[in-house]
Amino acid sequence: MLRRFFSYYKPYKRLFFLDFTCAVILAVLELVFPLAVGYVINTLLPDGNWGLIISACAVLLLIYVINTLLNYIVTYWGHMLGINIETDMRRRLFEHVQKLSFRFFDNTKTGHLISRLTNDLFEIGEVAHHGPEDMFIAAMTLIGAFGIMLFIQPELAIMTFIIVPIIIWLVLYFNGRMTKAANRLFTDMADFNARVEDTVGGIRVVQAFANQKHEGKLFNANNLRFREAKLISYKLIGLNHSISYLLMRLVSLFVLIAGAYYVLRKGMPHGDFVTFVLLTNIFFKPIEKINAVIESYPKGIAGFKRYIELMDTEPDVADSPHAIEVERLHGDIRYHNVTFGYEGEAKVLNGINLSIRAGETVAFVGPSGAGKTTLCSLLPRFYEIEGGTISIDGYNIRDLKLESLRKSIGIVQQDVFLFAGTIRENIAYGKLGASDEAIMEAARRARLESFIASLPNGLDTVVGERGVKLSGGQKQRLAIARMFLKNPPILILDEATSALDTETEAAIQQSLAELSVGRTTLVIAHRLATIKNADRIIVVTENGITEQGRHEELVAAGGIYSRLHEAQFGRA
Ligand code: ADP
Ligand code: MG
């Protein structure tokens, strides 16, 4: 895992080394002051050499100026390193998530993903910057300080440094507990985001049922859990802070007493004594740094683990290595012995055989839950089939590049998803970069022209989140315009007009009929009136395809279709 973490530093090697070098120089220069004070007290003061004292201070001043500059570099460029790595990881994660399959999104909460893309990565970025640098500097400073102390007075140095193993033990102890706390914090934060996403997304339902109190309670339960998790980590931070504070003060006190003893009884020079005291103060600094790292490190690690977990989730539908690109398919579709189920052993489709000629319009009817939508969603490979094959124009769809396959298939569903943008952007989604003329032409063919003309902002009208500012019929027309622009050879209309009133439905049917001209069209219909003219009607039940033929044939056959027909229209 560590290796994988460091692989993200690769593009920023130079930045890393620059930052690192500056940080090391900064740490080394920090050690100069105690030595200088010792030198002044031991050598320059007894000599009474005022000029040299001034010179020594001038040198110190120069060092401080350099340090100021280094400080700026370490703070700004160091963070730049962290944010660069964070940005890269976020980009890669987003690219990866976009590739994941329907199955993944069926089982994942949006809020959890948002959490990973925002909060988790922020913590990782912090560690990417501070982790290696602070650890290294802390170690360097400790070793430097120890070296100097050892040189001045070995016994006292060793006695003072007995504290180091205790601190290492504390670090490890708190690190373990903080990791657990951080994991919990992240989980709670993600749940929290998921809850907000769910409630806000469904706010219209919440308000319609006047269930704000209920949602408030659920939200607050999450909120309190989050508070609990935060408190645990703050408690640990508090404990860690105060214990290390106590240890550090004890060491100071010890050095004061022991140093005084060495001065009085063993003739240690005064200057050495002062150097010692100042050095212990310096070596507190890395300990504080390590503490800071302890506080953010587990969060970063926990975040990185979750990041890796998501990055390692393979999309279960992906291009095969030898996948081919096709310019434009005709739409000769064959399902051969197709078997598919969503979860576990249960099969939604079992041994489906079906051929659809290019240009044919085929309608699927049957009870809700029979698998009509499923059957159609296997064609663009939204889900991978378990058995059998599906081919288009003789190509197994698994051998086609997903992009070519999906560019050739257009889907209009019952609930249209519009992006929170303008009408123009939403239509242009069918063909990115389409010209205004092309967009208007598509709008005209979808009979949206007069509606757009009636809007003060025309194509630039904002449709609101998911298109809330439009009526059902307008949304559907927008989806149709998008499809005219996309111009796919294969069209799937999944209950496209089922949610509309009969009048709007009839009007939109005309646009749909126009849209399906010259395309292989798969229509799933609830109201049989809309599919009477289909080339073929296929009845799908839990037992698979049970009847197929033209409308009149099926009515005459007296099977399921004729009963459905009777129920909707009465006996002929
Ligand atoms: P239809 O379109 O004929 O009404 P569907 O194809 O939508 O039926 O659904 C067929 C069956 O598959 C149903 O039992 C439904 O509960 C199940 N199903 C549909 N989509 C999913 C999904 N994403 N995950 C799990 N089960 C699903
Ligand atoms: Mg359906």
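The values are calculated or read from the model by the stated rules, or taken from the named source; none is laboratory data. None of these values were measured; they are calculated from a predicted model. Every residue, glycine among them, receives a Cβ derived from its backbone with ideal geometry; neighbour counts consider all protein chains shown.
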note = Selection from the range 402-426 of residues under 28 Å from the mean Cα position of the chain (by Cα) and either over 30 Å from A443 (Cβ atoms) or within 14 Å of ligand 1 (Cβ to nearest atom) (or both) yields I411, Q413, D415
task = Considering (1) among the acidic types (D, E); (2) in contact (Cβ under 8 Å) with a residue 12 or more places away in the chain; (3) in a helix (DSSP H, G or I), say which one D415 fails and leave the rest.
result = (3)
ask   = If a residue has to be under 21 Å from F283 (Cα atoms) and either hydroxyl-bearing (S, T, Y) or modelled with pLDDT of 90 or more (or both) to count, how many in the range 3-21 make the cut?
value = 1
key: Any chance R357 is farther than 15 Å from G341 by Cβ, surrounded by fewer than 16 Cβ atoms within 10 Å (Cβ to Cβ) and of a type in the set (D, E, K, R)   = yes
message = Among the residues that make up the range 320-331, is at least one of them within 16 Å of ligand 2 (Cβ to nearest atom) and in a strand (DSSP E or B)?
response = no
inquiry  = I'd like to check something: does the range 121-129 contain any residue that is over 32 Å from the mean Cα position of the chain (by Cα) and in a helix (DSSP H, G or I)?
reply    = no
query = What number of residues within the range 131-185 are under 18 Å from S244 (Cα atoms) and assigned to a helix (DSSP H, G or I)?
reply = 24
inquiry  = Looking only at the range 498-549, filter to residues that are within 14 Å of ligand 2 (Cβ to nearest atom) and part of a loop (DSSP other than H, G, I, E, B); which one of those is surrounded by the fewest Cβ atoms within 10 Å (Cβ to Cβ)?
reply    = E542
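Just the residues that are assigned to a loop (DSSP other than H, G, I, E, B), more than 9 Å from ligand 1 (Cβ to nearest atom), out of contact with any Leu (no Cβ under 7 Å at 6 or more places or on another chain) and more than 12 Å from L522 (Cα to Cα), please, taken from the range 338-381.
Going residue by residue through the range 338-381, those that are assigned to a loop (DSSP other than H, G, I, E, B) are 341-348, 357-360, 366-371, 378-381.
Okay, now just the ones that are also more than 9 Å from ligand 1 (Cβ to nearest atom), so 344-345, 347, 357-360, 378-381.
Of the ones still in play, those that are also out of contact with any Leu (no Cβ under 7 Å at 6 or more places or on another chain) are 344-345, 347, 357-360, 378-379.
The answer is G344, E345, K347, L378.
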I492 vs. criteria at pLDDT 90 or above, surrounded by 20 or more Cβ atoms within 10 Å (Cβ to Cβ) and within 15 Å of ligand 2 (Cβ to nearest atom) = yes
ask   = Filtering the range 428-463 down to residues that are assigned to a helix (DSSP H, G or I) and in contact with a Ser or Thr (Cβ under 8 Å, 6 or more places away or on another chain), which residue is surrounded by the most Cβ atoms within 10 Å (Cβ to Cβ)?
value = I452
message = Among the residues in the range 382-397, are any in a loop (DSSP other than H, G, I, E, B), hydrophobic (A, V, I, L, M, F, W, C) and either under 26 Å from the mean Cα position of the chain (by Cα) or at pLDDT 95 or above (or both)?
response = yes
message = Show me the helices (runs of 4 or more DSSP H) entirely contained within the range 12-116 in which 3 or more residues are of a type in the set (S, T, N, Q).
response = 50-99
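From M268, M248, grab the single residue that is closer than 30 Å to E295 by Cα and either touching a Phe, Trp or Tyr at 6+ places or on another chain (Cβ under 9 Å) or buried (at least 18 other Cβ atoms within 10 Å of the Cβ) (or both). Give the steps one after another, and end with the answer.
On the way: M268 fails: closer than 30 Å to E295 by Cα.
Answer to the selection: M248.
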message = Quick test of your reading of the structure: V338 fulfils all but one of (1) buried (at least 20 other Cβ atoms within 10 Å of the Cβ); (2) within 15 Å of ligand 2 (Cβ to nearest atom); (3) over 20 Å from K407 (Cα atoms). Name the failing condition by number.
response = (2)
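Going through I290, I294, I308 one at a time, which residue ends up being at pLDDT 90 or above, aliphatic (A, V, I, L, M) and either assigned by TED's automatic domain parsing to the domain that holds F146 or closer than 30 Å to M1 by Cα (or both)?
Values: I290 fails: at pLDDT 90 or above; I294 fails: at pLDDT 90 or above.
Exactly one residue qualifies, and that residue is I308.
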query = If you take the residues of the range 133-152 that are in contact with a Lys or Arg (Cβ under 8 Å, 6 or more places away or on another chain) and of a type in the set (V, I, T), which of them is modelled with the lowest pLDDT?
reply = I137
message = Quick check on my filter: what residues within the range 471-529 are under 16 Å from A446 (Cα atoms) and of a type in the set (S, T, Y)?
response = S471, T497, T504, S511, S516
